[in-house]
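A.B. asks: The structure under discussion is supplied below as structure tokens; questions concerning it will follow.
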Amino acid sequence: MSSENHEFPYPHKKQRWFMQAKARFKVLVWGRRSGKSLGIAEYTMLKALETPGNYYIIAPTYKQAKSIYWQDILKVLIPTAIVEKTDEGELYVEFQKVHYKLQTKEILGYDIDSNHTNIPVPSRIYLKGADNPDSLRGVSLSGAVLDEFAFFKNGNDVWRKIIRPALGDKQGWAIFSSTPDGVHNPFYDIVEIAKEAMAEGKDNWYYSHATALDNPYFPEAEWHETKAEYEAEGKIDEWVQEWEAKFTTPSALVYNEFDVDVHVIPPSQIPREGTFVMGMDFGLKDPFAVVYVVIDADDNWYIYDETYLPDLPVQKMANILHQKMGDVYFTRIVGDSAGANEIKSLRDKSLGDQRVYVTPATKGRDSIRAGIRLVKSQLYVREGTGKPKLFVGSNCKATIREFQSYRRLRDAWGEASETPEDRNNHLMDALRYLFLDRAASVKPIKKVEKIYDPATGRVLS
């Protein structure tokens, strides 16, 4: 096959800027219809033609990778004349092993043909889903795109344990791109790293922000129409995040009623008397998560302490619980019924009068949604009092973080479903178990004289 000239979609200004940036790691905070996916696909293809190797474009799920990139973008971008092979089963494109005269000076800032003569092109671009991390292993990479990184289930693990090492041999590059989804996820952390590096004058990181208004092909009228639609539905914060690409409250939160200014209170405002209950999620491979709650006579719930620790053997669990219990009598201790062995072991390892009698949590069809509804009922602000019925001590940092980051699953098109994600939910599960148990069997109130002050570790009289 002879060399050919190939024309590609001409990038707009923001696309061209990030393409020409020399940084090894690039972070794109780009909103909807900004040209993010098209720009990423074009850049990846051009780099693959420039430098032989393996390249990944990773979406949050395999389904998204296939529907967004394979069907809509790569088939448009990559001319059939330069394609050696396509494999829709494994989702990769392989280029012809011949030379090309590509007009890329305006795009990448240099002409591939003039700067890199006689280039064989045994390159492949693979489309992957972060929901199957094992499929990402075992390949040395020349470049990788982590698209919609804010919505990766295990973003830190995917990047630090899999992709970052895979780039090492060839000093490969990486692009992190996403619309924002709150500030309690790895994407926000990566954005802060990039901003700090650029502020310090380091050249290994690059940060870019763009909206649909930066895309000359996007009709401005559509911008205003979508904004009006979101405002009419009371979802302007969601619009700001997805369209203006600003970090606000995460969209699709499970507990969108939670407000730090309303629900978080100083430990000094938590009552020292009432009914004491404890909810726990054993986590197995995840953290051992426990919420400690006192309920007053008016059925106000106060989360006054927490435990959030990874990979604990049962004996250490027991030691922690014994310390937390102190002189406090817990009328109910409810734990994840999936941890039957842990429940039995905790009882066996109890010391003296400090018996850790754990009641298995109520589970069944739709129990997750039912428990969430019960928690929500306590979060609602009452018209009469102007206050909710559930409060969190300001010392319970992990609990607050989960309230602010526990959200609903998105489908392949980015729409929020009614099913919550299985992440940022360990303390949320522990709390949900308590409410489900309370709904199933109400225990009498027993007053106690003392509880531990979580700030000092001392007994309060």
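A.B. asks: What's the total number of residues in segment 190-222 that are in a loop (DSSP other than H, G, I, E, B) and either in contact (Cβ under 8 Å) with a residue 24 or more places away in the chain or at negative phi (or both)?
C.D. replies: Qualifying residue count, segment 190-222: 10.
A.B. asks: So is Ser37 in a helix (DSSP H, G or I), among the hydroxyl-bearing types (Ser, Thr, Tyr) and either under 26 Å from Gln171 (Cα atoms) or at pLDDT 90 or above (or both) or not?
C.D. replies: Yes; evaluated as a whole, the condition is true for this residue.
A.B. asks: Just give me the residues in segment 147-158 being buried (at least 22 other Cβ atoms within 10 Å of the Cβ), within 11 Å of the chain's Cα centre (by Cα) and in a helix (DSSP H, G or I), in sequence order. Show your work before the answer.
C.D. replies: As a first pass, look at segment 147-158 and keep what is buried (at least 22 other Cβ atoms within 10 Å of the Cβ): 147-152, 155, 158.
Then drop every residue that is not within 11 Å of the chain's Cα centre (by Cα), which leaves 148-152, 155.
Hits for segment 147-158 are Phe149, Ala150, Phe151, Gly155.
A.B. asks: Return yes when Val392 is touching a strand residue (DSSP E or B) at 6+ places or on another chain (Cβ under 8 Å) and within 24 Å of Ala439 (Cα to Cα) and no when it is not.
C.D. replies: Yes; evaluated as a whole, the condition is true for this residue.
A.B. asks: Of all the helices (runs of 4 or more DSSP H) wholly in segment 256-350, which have at least 2 residues that are among the acidic types (Asp, Glu)?
C.D. replies: 340-348
A.B. asks: Within segment 354-401, can you find the residues that are within 20 Å of Ile270 (Cβ to Cβ) and touching a Ser or Thr at 6+ places or on another chain (Cβ under 6 Å)?
C.D. replies: Selection gives Val392 alone.
Residue-wise test of (1) modelled with pLDDT under 85; (2) surrounded by fewer than 21 Cβ atoms within 10 Å (Cβ to Cβ); (3) out of contact with any strand residue (DSSP E or B) (no Cβ under 9 Å at 6 or more places or on another chain).
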| site | (1), (2), (3) |
| --- | --- |
| Lys285 | yes, yes, yes |
| Ala289 | no, no, no |
| Asp305 | no, no, no |
| Leu312 | yes, yes, no |
| Ser337 | yes, yes, no |
| Gly352 | yes, yes, yes |
| Thr362 | yes, yes, no |
| Gln378 | no, yes, no |
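A.B. asks: Taking segment 159-188, which residues are at pLDDT below 95, surrounded by 15 or more Cβ atoms within 10 Å (Cβ to Cβ), assigned to a helix (DSSP H, G or I) and not hydroxyl-bearing (Ser, Thr, Tyr)?
C.D. replies: Pro186, Phe187
A.B. asks: If Thr385 satisfies every condition in (1) modelled with pLDDT under 75; (2) more than 29 Å from the chain's Cα centre (by Cα); (3) not small (Gly, Ala, Ser) but one, which is the exception?
C.D. replies: Thr385 satisfies every listed condition except (1).
The values are calculated or read from the model by the stated rules, or taken from the named source; none is laboratory data. Keep in mind it's a predicted model, so treat the numbers as computed, not measured. Counting neighbours? That spans all protein chains shown, and the Cβs are built from the backbone with ideal geometry, glycine included.
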